[in-house]
1. Show me, for the stretch B:131-148, the HN-Hα J-couplings you get by feeding each phi into the Karplus relation (A = 6.51, B = -1.76, C = 1.60, θ = phi - 60°), rounded to Hz, glycine and proline as x.
2. For a quick check: with amide H placed at 1.01 Å from N, whose amide H comes under 5 Å from B:Gly19's, ignoring anything fewer than 5 positions away on the same chain?
3. Peptide B:163-172: average number of partner chain Cβ atoms within 10 Å per residue?
4. Take every Cα pair under 8 Å in chain B that's 6+ residues apart, average their separations, divide by the length, and report that relative contact order as a whole percent.
5. Compute the whole-percent fraction of alpha carbon pairs in the protein assembly as shown spaced more than 30 Å apart.
6. Can you work out the PRE-style zone for B:Ala230? Point 7 Å along Cα to Cβ, and I want the residues of the stretch B:185-207 with backbone N under 17 Å.
7. Taking amide hydrogens as modeled 1.01 Å from N in the peptide plane, which residues meet the under 5 Å criterion relative to B:Phe110, leaving out close sequence neighbours?
8. Can you list which of the trypsin sites (Lys or Arg not before Pro) found in the stretch B:195-235 are DSSP loop residues with at most 11 other C-beta atoms within 10 Å?
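What follows draws every value from the coordinates through simple rules; no lab data is involved. Here the structure is a predicted model, which is why all the values come from computation and not from measurement. Note that we place each Cβ from the backbone using ideal geometry, even for glycine, and neighbour counts take in every protein chain shown.
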Amino acid sequence: MKLIVNGELFETSKSETILDLLNALGIEPGRVAVEVNLTIVKKADYATFRLHEGDGIEVVNFVGGG
Amino acid sequence: MNDILIIKGIEFKSRLWVGTGKYKDFDETKKAIEASGADVVTVAVRRVNIIDRKSENLLDYIDPKKYKILPNTAGCYNVEDALRYSRLAREAGISDLIKLEVIGDEKTLFPDTIGLLKATEILAKEGFIVLPYSNDDPIMAKRLEDAGAAAVMPLGAPIGSGLGIRNPYNIKIILETVKLPVIVDAGVGTASDATIAMELGCDAVLINTGIAGAKDPIAMAEAMKHAVIAGRLACKAGRIPRKLYATASSPFDGML
């Protein structure tokens with residue numbers, strides 16, 4: 001399945017849910033926020049929200065800033 | 001001395017708030033924040049770098065249980081982006097606090113006050129605790145208060161400029177105009193700038209570049225800590241009036 005994650009093409013055979021994707025990327029779910037096709041997905045739904053071919057996903061976290 | 005700042009039920013013990021940007025590395029960030037005594041730190045909201053998967057994260061160094069994390073919407077030049085970043089920040093799951101920035105211009109990084117007002121109103125209705133980074137216009141401060149902001153954050157001078165409190169008179173008028181806490185954000189360059197802001201009567205000062213950009217950030221963080229305490233104490237102590245002419249400090253009685 002081809003996804004666009006943070007502006008980059010990401011191919012995966014394993015990722016089906018957001019949680020699967022985060023695990024595949026080695027990202028801890030507790031510290032991020034996720035948007036799929038411009039809609040924010042609640043953390044509680046990461047394990048059940050299914051991703052589809054061509055989905056645009058943004059995964060953000062907190063970085064240093066003023 | 002109980003001098004806690006309370007915003008929407010959240011208690012802030014230190015009146016120095018610090019940013020986490022522009023440091024050499026996470027270790028320096030951590031040490032500077034500790035030296036500053038701050039209990040609020042700002043952070044930015046950015047994409048996780050999925051190509052270069054460094055194992056370290058800012059929050060590995062800044063414990064969200066020990067510090068209040070205040071996400072900002074830095075880099076947002078319109079209302080839609082500011083709303084998007086705010087909602088993402090909240091979903092990252094720490095609190096409803098947001099330091100709202102809607103920037104109007106790349107060179108000055110001055111706020112787009114019209115966009116800022118719109119975004120404040122929308123986010124306040126969504127239950128955010130909105131702390132808008134604003135200009136030093138008292139009319140704007142009142143509008144932000146009416147729109148549901150939880151505090152106002154007038155700039156002292158452009159972000160990172162180190163020019164200090166450019167318009168202390170306006171800041172004083174803002175303090176008289178709104179009932180909300182007033183937190184100077186941006187432009188503080190050295191300790192005396194922070195002291196001036198607090199002497200005016202401000203409730204807190206937010207400093208990033210002034211500390212991170214100093215030759216010795218950890219020493220400057222400590223300086224700012226004392227500067228804010230000194231300014232606050234001086235404000236509460238009640239300064240002498242300014243006079244054109246002298247009044248002797250030693251008595252005339254007993255002169256030879």
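1. So the J values, rounded to whole Hz, are 10, x, 7, 10, 8, 9, 9, x, 5, 5, 4, 5, 4, 5, 4, 5, 7, x.
2. Hits under the 5 Å cutoff: B:Thr42, B:Ile207, B:Asn208.
3. 0
4. Details: 499 pairs, mean separation 46.3, N = 256.
Value for chain B: 18 percent.
5. Cα-Cα pairs of the protein assembly as shown separated by over 30 Å account for 38 percent.
6. B:188-202, B:205
7. B:Gly104, B:Asp105
8. Values: sites: B:Lys215, B:Lys225, B:Arg232; in loops: B:Lys215.
Sites meeting the loop and neighbour criteria: B:Lys215.
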